[in-house]
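One structure is given here, and the rest of the page talks about it.
Quick note: the coordinates plus some simple rules give every number you see, no bench work behind them. Keep in mind that what you see is a predicted model, and the values were worked out from it rather than measured. For neighbour counting, all protein chains shown are included, and Cβ atoms are generated from backbone atoms with ideal geometry for every residue, glycine included.
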Ligand SMILES: Nc1ncnc2c1ncn2[C@@H]1O[C@H](COP(=O)(O)OP(=O)(O)OP(=O)(O)O)[C@@H](O)[C@H]1O
Ligand SMILES: [Mg+2]
């Protein structure tokens with residue numbers, strides 16, 4: 001887009017600034033090092049001079065003078081070292097603060113109890129999430145979210161961009177912890193679970209799909225060597241990608257890390273869906289699962305959600321395009337981080353469309 005020149009100049013500017021700062025910092029540190037060195041030498045010379053004076057007047061022996069000089073050298077060396085290593089000291093202190101903060105935030109139990117496999121009862125009670133305080137002023141991303149779902153229910157989360165849909169998804173899968181309120185799966189909040197154990201019971205398709213370097217088989221198996229081929233194929237069939245994978249040059253063994261075969265956006269999204277539904281987890285969260293899909297992919301997605309419902313999973317789908325919520329029974333509408341509506345799909349959609357169609361139609365809409 002003709003940005004090479006501009007970006008180069010922009011980068012050059014930043015680099016020049018960095019170089020300037022580097023030079024300034026170098027100058028200062030050199031000044032401080034030279035100052036401490038000069039002081040040390042002065043002190044040492046002073047001790048030697050005093051020793052010489054006292055030795056001449058036979059107050060001390062010349063040996064004491066030499067000993068005093070050596071002792072002074074030893075005593076002052078740590079000061080030099082402290083100045084030289086001050087940077088490391090500051091870094092260690094910062095790292096300590098960061099670690100303490102992280103550790104106090106994650107009040108994970110040292111030995112969580114192995115809870116039984118959840119059924120998929122999801123309860124969200126007065127959940128709020130704020131932005132990170134490290135990034136400046138805190139502002140709410142989500143506020144007062146309240147709903148609950150039973151196994152076999154599917155919820156569609158709709159709302160404009162930046163309304164907090166993806167943030168809710170991250171909270172529901174335990175990537176983020178709520179600042180207020182609680183999220184419970186079968187009655188237990190996420191910090192009561194062993195992280196790895198909980199992960200098995202959750203399927204998550206993030207908005208920006210990341211497949212990991214490895215084969216398609218390994219990716220769908222979540223890199224767990226204990227997952228059998230039957231389970232992998234069942235997940236692929238549930239996600240409707242079995243045929244698509246067979247068409248690839250090496251089928252399930254296609255190596256995504258080698259660069260021999262690059263998946264398209266839609267292919268990657270559908271394979272990530274298979275990874276999300278591996279072993280039919282009790283809770284499945286799909287964030288914009290149809291963002292890259294064609295109509296065939298859309299239909300496959302609707303079938304997947306229907307089948308997950310039949311098998312008793314609780315499903316939450318974040319969506320912009322209505323085709324993704326074809327199979328859901330309930331709708332949660334977000335706006336600016338607030339819960340605007342929650343209820344059965346028809347009820348919420350009729351309310352929402354009434355609001356949308358109330359303003360006079362634009363010329364384009366009228367002709368349409
Ligand atoms: N890691 C983060 N740290 C701070 N703020 C964040 C972070 N992620 C998202 N936000 C903020 O949270 C708000 C909601 O973002 P979110 O990604 O949940 O929106 P969304 O509804 O999924 O939008 P879209 O439809 O575009 O995907 C935005 O204002 C965004 O700036
Ligand atoms: Mg999003």
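Pop a pseudo-label 7 angstrom from the Cα along the beta-carbon direction at both residue 114 and residue 352 and give the gap in nm to one decimal.
Result: 4.2 nm between the two label points.
For n ≥ 4 DSSP H runs only, could you compute -39500 (n - 2.57) per run for the chain, divide by its residues and tell me the 222 nm figure to the nearest 500?
Roughly -15500 deg cm²/dmol at 222 nm, from the helical runs in the chain.
Provide, as a two-decimal number, the C-alpha radius of gyration of the range 249-289 over 2.2 N^0.38 Å, N being how many residues it has. Working shown, then result.
Values: Rg = 12.2 Å, N = 41, 2.2 N^0.38 = 9.0 Å.
The value comes to 1.35.
Cβ neighbours within 10 Å, averaged per peptide: list 236-249, 162-175 in order, most packed at the top.
162-175, 236-249
Can you give the angle from 0 to 90° between the axis of helix 265-276 and the longest principal axis of the chain, with both taken from C-alpha atoms, to the nearest 10?
90
Once you have the Cα-Cα distance between residue 233 and residue 31, take 0.36 nm times their residue separation minus that, and quote the gain in nm to one decimal.
Length difference between fully extended and current span is 66.0 nm.
What FRET efficiency comes out for residue 87 versus residue 177 if R0 is 41 angstrom and r is the Cβ-Cβ distance? Round to the nearest 0.05.
Taking R0 as 41 Å, the efficiency between residue 87 and residue 177 is 0.75.
Rounded to the nearest 0.05, what FRET efficiency do residue 321 and residue 74 give with R0 = 56 Å and r taken as the Cβ-Cβ distance? Could you check?
So, using R0 = 56 Å, E works out to roughly 0.15.
How far, in degrees from 0 to 90, does helix 86-105 lean away from the longest principal axis of the Cα atoms of the chain, to the nearest 10?
Roughly 30 degrees, rounded to the nearest 10.
Report, for the range 122-360, the % of DSSP beta bridges that are antiparallel, rounded to 5.
55
Please give the Cα centre distance for the range 217-269 versus the range 151-176, rounded to the nearest Å.
26
For 147, 89, which order do you get if you count the other beta carbons within 10 Å of each Cβ and list the fewest first?
Fewest-to-most ranking of 147, 89: 89, 147.
Report the calculated FRET efficiency for residue 7 and residue 292 (r = Cβ-Cβ distance, R0 = 25 Å), to the nearest 0.05.
0.40
Once you keep just the Cα pairs under 8 angstrom separated by 6 or more residues, what percentage relative contact order results for the range 122-360?
28
Quick one: length gained pulling residue 56 to residue 212 fully straight, 0.36 nm per residue minus the C-alpha distance?
Roughly 48.3 nm would be gained on extension.
Would you mind computing the Rg to Rh ratio of the chain from its alpha-carbon coordinates, Kirkwood style for Rh? Don't skip to the end; give the middle numbers.
Working: Rg = 31.8 Å, Rh = 26.0 Å.
My calculation puts Rg/Rh at 1.23.
Between residue 96 and residue 18, what is 0.36 nm times their sequence separation minus the Cα-Cα distance? Round to one decimal in nm.
25.4 nm
Can you compute the equivalent ellipsoid semi-axes for the range 216-295, i.e. the square root of 5 times each eigenvalue of the Cα gyration tensor, sorted largest first and rounded to whole Å?
For the range 216-295, the ellipsoid semi-axes come out as 18, 17, 11 Å.
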